[in-house]
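Notes follow once the structure below has been shown.
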Amino acid sequence: MAVSKIMENTSCPSLPYDPAEFPRELQRHYISAGEEEIREMLDSIGLSDAQDLFSHIPGQLLFPDGIDLPDELEYNETAKTLQALSERTNLKNSFIGDMLPCWGTHPIVDFVSRLRPLTTSYTPYQPERSQGTLVTHWIYQCALSALTGFEAINTSLYDRSAALFEAIACAIRTSRRGSKILLAESLFDEDLEVLETLTKETEIQFSFAKICPDSGVLDHSELQSLTEEDTNEFAAFVFPQVNKFGLLENVDTLADFAKERGMRSIASIDPMLLATGGLKPPTDFGSEGVDFIAGEAQHLAIPPSFGGPGLGLFGCRFNEERKKDLRSTPGRYIGKAKDVNGRDCFVMVLSTREQHIRKEKATSNICSNQAFLATLAGASLLAKGELGLQESLQNALDSKDKVLAEILTCEGVKSAFAQTPSFNEVTLELDCSVDSLIEKGREADLHVGVDVSQRSCGGKKRNLLKLTFSDLQDDEAIDSLIRFFHMEFPRLKDSGGASSPRDSNPAFYRQEPANLPSFSYDELTQYYEQLADLNVSPDDGCYPLGSCTMKYNPMLNDWAAGLPGFSQVHPQAPEEDAQGPLSVLYETQEWFAKITGLAAVTTQPVAGAQGELVGIKLFQAYHRKRGEEHRNVVFIPKSAHGTNFATAAMAGYPDGIVYLRANAEGTIDMEDFAEKINSYGDRLCGVMITNPNTSGIFENRFHEIAEAVHEVGGLVYMDGANMNAIAGIVDLAALGVDAVHNNLHKTWTIPHGGGGPGDAIVAVSEKLTDFLPGKQIYKDGEGIFRSRRPKFSIGSFHRHWGNFGHKVRAYSYLLRMGKEGVPRMSSTAVLSSRYLLSKLEGHYPALPACGGKSPRMHEFILTLSEEDFDRLEKAGIPKSQAIPQVGKLFLDFGFHAPTVAFPEVFGLMIEPTESYGVSELDRFADAVVAIKEIIEEHPEVLASAPHFTPIDRVDEVGANRNLCLREKLEHLPALPFNRVKPSILQDLSPGEIKERILDAVRNTG
Ligand SMILES: Cc1ncc(COP(=O)(O)O)c(C=O)c1O
């Protein structure tokens, strides 16, 4: 699209911050090193040109003339363009909720979203420097536990359908009854589609409990007619509390039915509706409550944002009677802990189940989650509190009562399931086409609801319109909806058809208050500011986590994602009114096809790990179409990220993973590869290779490997987590890639949010375009953006369009980068890394040793010499603990630690990125050298590290042994204070910090 066209009539928007106050914000391409500094770094490593950084990569793999993207835009132009795009959206008074409920967001959300050390920090693997994030997640766990009654709430999965899938996987693991599942037909069709997509080619099989066409809820007599023999086969029964027609299922009967028949029970719930004055908590379903809960909680945190990022709620029981399930569950949990000096603190627990440790035996492939949404949801619940939530629910119910009292009197409008209780939603049956009514509604500036006529409900075709009420509809919206119905259905019925009054039947409603605490806005803003102070951010300096690409996250991106034309659009709004979001998705598809050199792109996957799964599922579909579904082997290099193995297992190949060995140069061993191709070629589904690999080395034989794989009929997946080294430079089509994911939260500047949301875009070769999941966006003859399913689509990985908010952020970044910026980003990232390595390699050995034969790309791995390991051992630090303890010393210097013990057990993986100028890199290098001096001169210091963080080293073993995952939140958790603030450390030289550390150790004796 001609980007300049978009903004012709738009004035420069006013931003809620002054970019001039944030020096990184206005740098060209967000790269701090100017041309002179780039020259200086090139000179210092003996290269004459940035292109020389890639001279070891065969020329035919490089884009000969760069990439065909538009020119970059200036800061203000970018803002104008994004504003203009967002203004293509038509926001209207809306009664759409359905799969993604919408409720008012509290101002605390905006406030917390601007606390950069919370939004931009990494997953809290270093608890001593991440108490800020950890406390926010603790609050989330406790608040959700209060609403649901569940003792163990994990700190988020991607969204409701992902949570349902994981609950099913848990039920299968824990029930030992095989892998058949009974699913309620009354769950959302789109959730069911995701489940079908995820489980195709696996052993999991679904049967369906039918809806009764008259009541619109599950047919209990049909359920009871299932014989013991039938139900003995089912590992679990999955049902919703509020179903796809907005009706309340009889959860007591359903939970008891599962229990009596020995099935695990999984309830799909909406946590918002469980507040006081709302629905019954799932611990009270039937005689004992359900075993697992799964649900969407995005609306507790943020507006609809065209469907994402979502917030997948997942919980299991964890009490004296029911303790075992927890260890079979996926994802992250925060537990109460003590540091080694007895201070109270928090830490991630149970991580030995995760893929970075257990690879294909992990409980799930989930890595980045929706952590920041959990942070926001926690803050929002505390701000709204018991009364605020109750009021919101009451508003919704009052609106619904008012509307129904007025419109059910119209001839041609009736409640589709009048005898069945509902809460804040209603499905109407109309005597006219729902489609055209929705269209007329648009003309009256209304989104009147969702057409649910196609949803299966016993076969009979009915005209069904579903309306959702919340605290967002004001009097004017309610009145205009009523006026609209009175215009369209002017004749009145003889007798009013008012809805059945709401009762407080304990079968459906909460009987006891939820007892959520509430805090004032001022209390919370102060508290969350203190929390932010306990973290560090890539804003403040090098955040050297290898593999994670912790670069600067532009504030402009966040501003853009918050524009109403992007953030307030419901993903089920008519496409004509959602042109802002659709245009961003369209542009994103186009730009990433060019960046990768591949044929097509899906923007639906919500994380790198999910992108991997999309890739393997595409491979399976391709092979199936060719009659080669017997291909069940996946090659993965041994050093790959844990998600690769876990993904292959999740896709149905737990026994089909074949490890590829590395050679002395740190790349794939071609002899070993050739042997494996010989042995498994005819069964090969595909390979998954990270490039550059996890040691920061470009796989120079990738192209040969791809050719050999193609020759035997397999396909090639590239894990693109390290695209920051090659984007805009290496042509993935020339490399032989069939599918690749780009982690948006790495290369493409999406904030990490303390562990998520991540995001991914998957690009594919021509062979796979017809199989892509979700919908592709295209422009029709009139320039309107529309969507369609690819011909042989593998299905869907998300209830809607994926993490849309992140596509806005990535697109905002790309507008500022343009065709020159993308390759400049990669070359500067590689240059910074080589420059830093050249400063450090005289002090630390690098891994893999490889005799200097493999030039490092954007990251490198350091280790200690055997003498240093010995020194530390003598000071009481065993070799197995040495590297993690070195990591803790980085915290004392005001930096985050590098990645420790991955992919090399004795390695520290460092990735500086392109965000930092020479003086910042030099200062970081000086700190790493000072750490080395401490190891040599005072090895005992490492035993007590870290010294300046708010807490001492955390007793993780103790926290895991005595798991405490929630408490009643009567007050805000007490906070430790920074012994030395990172901002003070930033003003000291590494030499001065070293002296302070030594003093601190001497003083504590
Ligand atoms: C090499 C590699 N592959 C895959 C992933 C998984 O990505 P995500 O966290 O987005 O699921 C990561 C994440 O750190 C990674 O480093």
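For GLY842, the test of being open to solvent by 30 Å² or more (accessible area, probe 1.4 Å) and on the phi > 0 side of the Ramachandran plot is failed. For ALA649, indicate whether it is within 18 Å of GLY714 (Cα to Cα) and not in a loop (DSSP other than H, G, I, E, B). Yes. In the range 677-694, the condition of being touching a Leu at 6+ places or on another chain (Cβ under 9 Å), open to solvent by 10 Å² or more (accessible area, probe 1.4 Å) and closer than 28 Å to VAL905 by Cα is met by no residue. Candidates in the range 985-1005 are the residues that are in a helix (DSSP H, G or I) and within 36 Å of the chain's Cα centre (by Cα); of these, the one that is modelled with the highest pLDDT is PRO990. Scanning the range 918-927 for residues that are touching a helix residue (DSSP H, G or I) at 6+ places or on another chain (Cβ under 6 Å) and buried (at least 18 other Cβ atoms within 10 Å of the Cβ) yields a count of 4. Being over 24 Å from the mean Cα position of the chain (by Cα), part of a loop (DSSP other than H, G, I, E, B), of a type in the set (D, E, K, R) and at pLDDT 95 or above is a condition met by no residue of the range 546-559.
Evaluated against (1) surrounded by fewer than 24 Cβ atoms within 10 Å (Cβ to Cβ); (2) touching a residue at least 24 places away in the same chain (Cβ under 8 Å), GLY783 falls short on exactly one condition, (2).
This table checks each residue for (1) touching a Gly at 6+ places or on another chain (Cβ under 6 Å); (2) closer than 29 Å to MET650 by Cβ.
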| site | (1), (2) |
| --- | --- |
| ASP71 | yes, no |
| LYS92 | no, no |
| MET99 | no, yes |
| LEU115 | no, no |
| TYR122 | no, yes |
| GLY132 | no, no |
| HIS137 | no, yes |
| ALA146 | no, no |
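Filtering the range 195-232 to residues that are in contact (Cβ under 8 Å) with a residue 12 or more places away in the chain and β-branched (Val, Ile, Thr) leaves THR197, THR199, THR202, ILE204, ILE211, VAL217, THR231. Looking for whichever is surrounded by fewer than 24 Cβ atoms within 10 Å (Cβ to Cβ) and on the phi < 0 side of the Ramachandran plot here; the options are ALA297, ALA267, ALA362. Which one fits? So the residue among ALA297, ALA267, ALA362 that is surrounded by fewer than 24 Cβ atoms within 10 Å (Cβ to Cβ) and on the phi < 0 side of the Ramachandran plot is ALA362. Confirm whether ALA379 is among the aliphatic types (A, V, I, L, M) and closer than 24 Å to LEU975 by Cβ. When the stated conditions are applied, ALA379 passes them. Contact map, the range 62-80: residues that are in contact (Cβ under 8 Å) with a residue 40 or more places away in the chain paired with residues that are hydroxyl-bearing (Ser, Thr, Tyr), Cβ distance under 6 Å, separation 6+ or inter-chain. Pairs shown: LYS80/THR10.
For the range 636-653, residues that are more than 16 Å from the ligand (Cβ to nearest atom) and either under 26 Å from HIS752 (Cα atoms) or crowded, with 21+ Cβ neighbours inside 10 Å (or both) total 1. Contact map, the range 640-657: residues that are at positive phi paired with residues that are away from the ligand (no atom under 16 Å from the Cβ) and not in a helix (DSSP H, G or I), Cβ distance under 9 Å, separation 6+ or inter-chain. Pairs shown: GLY652/LYS200; GLY652/GLU201; GLY652/THR202; GLY652/GLU203; GLY652/ASN632. More than 15 Å from the ligand (Cβ to nearest atom), buried (at least 24 other Cβ atoms within 10 Å of the Cβ) and assigned to a loop (DSSP other than H, G, I, E, B), is that true of HIS630? Here the answer is no, as HIS630 does not meet what is asked. Exactly one residue among HIS752, HIS745 is in contact with a Phe, Trp or Tyr (Cβ under 6 Å, 6 or more places away or on another chain), open to solvent by 10 Å² or more (accessible area, probe 1.4 Å), in contact (Cβ under 8 Å) with a residue 12 or more places away in the chain and within 16 Å of the ligand (Cβ to nearest atom), and that residue is HIS752. Answer with yes or no whether GLU590 is open to solvent by 40 Å² or more (accessible area, probe 1.4 Å) and more than 26 Å from the chain's Cα centre (by Cα). When the stated conditions are applied, GLU590 does not pass them. Residue check: is GLY736 at pLDDT 95 or above, within 12 Å of the ligand (Cβ to nearest atom) and over 30 Å from ASN76 (Cα atoms)? Judged against the criteria, GLY736 is not a match.
Against the test of being within 16 Å of the ligand (Cβ to nearest atom) and either of a type outside the set (Gly, Ala, Ser) or open to solvent by 20 Å² or more (accessible area, probe 1.4 Å) (or both), the options LEU613, LEU598, LEU582 yield a single qualifying residue, LEU613.
Scanning the range 430-452 for residues that are more than 32 Å from the chain's Cα centre (by Cα), part of a loop (DSSP other than H, G, I, E, B) and of a type outside the set (Asp, Glu) yields CYS432, SER433, ALA444. Every condition in (1) without any contact (Cβ under 8 Å) to a residue 60 or more places away in the chain; (2) open to solvent by 20 Å² or more (accessible area, probe 1.4 Å); (3) of a type in the set (A, V, I, L, M, F, W, C) holds for VAL716 except the one numbered (2). Evaluation of THR276 against the conditions (1) touching a strand residue (DSSP E or B) at 6+ places or on another chain (Cβ under 8 Å); (2) open to solvent by 10 Å² or more (accessible area, probe 1.4 Å) shows that the sole unmet condition is (1).
For the range 935-974, a residue qualifies if it is open to solvent by less than 70 Å² (accessible area, probe 1.4 Å) and free of Cβ contacts under 8 Å to residues at least 60 places away in the same chain, and the qualifying residues are HIS947, PHE948. Residue selection: LYS338 fails the criterion of being more than 16 Å from the ligand (Cβ to nearest atom), at pLDDT below 95, open to solvent by 10 Å² or more (accessible area, probe 1.4 Å) and out of contact with any Leu (no Cβ under 7 Å at 6 or more places or on another chain).
Identification of helices (runs of 4 or more DSSP H) wholly contained in the range 58-132 with 1 or more residues that are farther than 30 Å from PRO823 by Cα and open to solvent by 40 Å² or more (accessible area, probe 1.4 Å) yields 107-113. In the range 555-573, the qualifying residues are those that are out of contact with any helix residue (DSSP H, G or I) (no Cβ under 6 Å at 6 or more places or on another chain) and not aliphatic (A, V, I, L, M), and the one that is nearest to ASP18 (Cα to Cα) is TRP559.
For the range 827-836, check the following and say yes or no: at least one residue is open to solvent by 10 Å² or more (accessible area, probe 1.4 Å), under 18 Å from the mean Cα position of the chain (by Cα) and more than 16 Å from the ligand (Cβ to nearest atom). Taking every residue of the range 827-836 in turn, none turns out to be open to solvent by 10 Å² or more (accessible area, probe 1.4 Å), under 18 Å from the mean Cα position of the chain (by Cα) and more than 16 Å from the ligand (Cβ to nearest atom). Annotation: LYS259 fulfils all but one of (1) at pLDDT 95 or above; (2) open to solvent by 10 Å² or more (accessible area, probe 1.4 Å); (3) not in a helix (DSSP H, G or I); the unmet one is (3).
The values are calculated or read from the model by the stated rules, or taken from the named source; none is laboratory data. This is a predicted model, so every value here is computed, not measured. All Cβ positions, even for glycine, are placed from backbone atoms using ideal geometry, and neighbour counts span all protein chains on display. In case anyone asks, the SASA skips ligands and DNA or RNA and just uses the protein heavy atoms, side chains included. Shrake-Rupley method; radii C 1.70, N 1.55, O 1.52, S 1.80 Å.
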